[in-house]
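K.L.:
Quick one: the structure is below, questions incoming.
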Amino acid sequence: MKYAVVGGGNTGQAIASYLALNKEKVKLYTRNAERAERISRNGLEIKGVYSGYINLEVHTSIEEVIQDAEIIIISTTADGHKPIIRKLKPLLKNDQTIVFIPGYWAAVECKQILGKDIENKNITIAETNAQPFISDADDEGRVWVRKIKNNVLVSTLATSKGQLPLSSEFLSRFPHLVPSKNIFETSLNNSNVVIHVPISLFNASRIDDSQEFLFYPEGISPLVVRYIEKVDEERRKIADLFHVETKNILTILNDFYGTSYSTLYEALPSLFPAGAGPTTFKHRYFTEDIPFGLVAISEVAKKADIDLPYTNSLIDIASLLSTVDYRKEGVNFGEITFEELSSYGGLTEKV
């Protein structure tokens with residue numbers, strides 16, 4: 001198959017390298033001209049779980065990258081989804097597939113922006129609930145895949161024709177992905193938003209003071225874990241509205257990494273012993289997980305007339321501390337009714 005990977009950061013480079021290593025035809029899009037020139041000239045060395053040297057075609061023209069692609073993988077941060085969708089709108093061709101890794105409600109944003117083009121051009125819109133790789137790149141020609149996540153959910157946006165299936169070739173290339181019922185199962189099973197935000201806010205003074213600390217070993221306490229579990233209960237309450245089977249955060253983590261931890265307090269520092277905490281509020285744990293994670297959950301709750309005190313408190317306190325209106329910056333369902341939103345997952349009524 002022919003792939004386009006849009007987003008030249010850690011995840012994009014890891015996914016493109018993985019595809020090239022497996023002899024797939026792939027092009028990578030990045031806005032960074034220096035990065036594009038360097039990778040196109042020198043290739044990349046992939047290390048860690050996978051290893052090898054690959055040659056990769058990289059462009060700063062999104063049209064050049066997607067024009068022949070059957071599968072377009074979007075691996076930008078969540079705040080980049082809308083700008084990318086708008087760029088893609090006049091360029092999309094019949095029968096292409098767009099996969100957001102991870103989703104952060106990107107399928108809903110696609111529906112808002114692409115509208116009738118989705119059905120007229122037979123475009124399949126898909127999203128995952130997480131990245132399949134824990135990865136980082138050094139911008140000197142190396143990308144590390146540190147860990148693989150298994151049982152990552154992937155789903156497609158429903159249209160009047162139903163949910164268009166993802167190709168068997170794509171799913172066999174990414175055995176880490178498990179097809180799920182609908183886009184609410186993927187967007188509402190994103191573990192990042194439930195975990196990152198409470199830990200960050202309970203360590204706000206450290207972050208404001210730019211102190212270095214280990215995010216999980218030093219950032220959590222029994223109190224923080226209890227708050228995470230309360231936010232997680234609210235997430236699952238919203239998932240019930242969409243007939244979605246959800247697992248608690250501990251089970252999601254154990255499924256991802258093939259572990260059997262009995263408590264979240266034990267699991268988090270054990271799974272992630274070395275991850276550094278943020279040293280600024282301009283970090284994706286704030287700029288991505290709040291506006292494109294928690295805000296979306298809160299917006300759905302409002303439409304269903306459900307109160308989420310723990311989730312809403314996180315959004316409001318974070319907005320006050322960082323002086324950013326995350327509700328204004330984040331996912332906005334506008335005038336979409338709850339029933340219309342439900343139809344995007346192939347549902348017709350709420351519980």
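K.L.:
For the chain, give the magnitude of the charge dipole about the Cα centre (Cβ charges: +1 Lys/Arg, -1 Asp/Glu; no others), in debye to the nearest 20.
P.N.:
Numbers: 38 positive and 45 negative charges, 139 e Å.
That gives the chain a dipole magnitude of about 660 debye.
K.L.:
With a 1.4 Å probe and all protein chains in place, put 105, 144 in order of accessible area, largest first.
P.N.:
Details: 105 5, 144 55 Å².
Accessible-area ranking of 105, 144, largest first: 144, 105.
K.L.:
Calculate, for residue 34 and residue 280, the FRET efficiency according to 1/(1 + (r/R0)^6) with r their C-beta to C-beta distance and R0 22 Å; round to the nearest 0.05. Let's see the in-between values first.
P.N.:
Working: r = 24 Å, r/R0 = 1.09.
Working from the Cβ atoms, E equals 0.35.
K.L.:
Using a basic spin-label model with each label point 7 Å from the Cα along Cα→Cβ, how many nm lie between residue 233 and residue 77?
P.N.:
Label at residue 233, label at residue 77, 3.3 nm between them.
K.L.:
Continuing with this model, one more query. Rank-order 12-20, 313-321 by packing density, defined as the average count of other C-beta atoms within 10 Å over each peptide's residues, highest first. Working shown, then result.
P.N.:
Values: 12-20: 26.9, 313-321: 17.1.
Peptide ranking by packing, descending: 12-20, 313-321.
K.L.:
Continuing with this model, one more query. With label points built 7 Å along Cα→Cβ from the Cα atoms of residue 212 and residue 328, find their separation and express it in nm.
P.N.:
3.6
K.L.:
Sticking with this structure for a sec: What fraction of the DSSP beta bridges in region 70-228 is antiparallel, stated in percent and rounded to the nearest 5? Write down the numbers at each step before the final one.
P.N.:
Numbers: 10 of 21 bridges.
Counting DSSP beta bridges with both partners in region 70-228, the antiparallel share is about 50 percent.
K.L.:
Ok, one more. If you count, for each residue, the other Cβ atoms within 10 Å and average over each peptide, how do 156-164, 85-93 line up from highest to lowest?
P.N.:
Output ranking for 156-164, 85-93: 156-164, 85-93.
K.L.:
In Å and on Cα atoms, what radius of gyration and Dmax does region 215-268 show?
P.N.:
Rg and Dmax of region 215-268, Cα atoms, are 12.2, 37 Å.
K.L.:
Rg over Rh of the chain, using C-alpha atoms and the Kirkwood radius, what does it come to?
P.N.:
On the way: Rg = 19.5 Å, Rh = 20.6 Å.
Using Cα coordinates only, the ratio equals 0.95.
K.L.:
Just the Cα atoms of region 197-351: what Rg and Dmax do they give in Å?
P.N.:
Using the Cα atoms of region 197-351, the pair Rg, Dmax is 16.5, 49 Å.
K.L.:
Limiting things to C-alpha atoms, what are the Rg and the maximum Cα-Cα separation (Dmax) for region 174-225, in angstroms?
P.N.:
15.4, 44
K.L.:
Here's another thing I want to ask about it. Given labels modelled 7 Å from the Cα in the Cβ direction, how far is it in nm from residue 340 to residue 240?
P.N.:
Those two pseudo-labels are separated by 2.8 nm.
K.L.:
Compare the peptides 272-282, 41-51, 177-187 by average per-residue count of other Cβ atoms within 10 angstrom and give them in order, highest first. Provide the component values of the computation, followed by the final result.
P.N.:
Details: 272-282: 14.0, 41-51: 16.3, 177-187: 23.2.
Order by mean packing, descending: 177-187, 41-51, 272-282.
K.L.:
Give me the accessible area per residue for region 242-308, probe 1.4 Å, as a whole number in Å². Numbers along the way, then the final one.
P.N.:
Values: 2830 Å² over 67 residues.
With the other protein chains kept in place, region 242-308 gives 42 Å² per residue.
K.L.:
Report for the chain the percent antiparallel among DSSP-assigned beta bridges with both residues inside it, nearest 5.
P.N.:
Working: 14 of 41 bridges.
If we restrict to bridges inside the chain, about 35 percent are antiparallel.
The values are calculated or read from the model by the stated rules, or taken from the named source; none is laboratory data. Owing to the predicted nature of the structure, the values given are computational and were not obtained by experimental measurement. Cβ coordinates were reconstructed from backbone atoms using ideal geometry, including for glycine residues, and neighbour counts include every protein chain displayed. When the accessible area is computed, the model is the full protein with side chains, heavy atoms only, and any ligands, DNA or RNA have been set aside. Shrake-Rupley method; radii C 1.70, N 1.55, O 1.52, S 1.80 Å.
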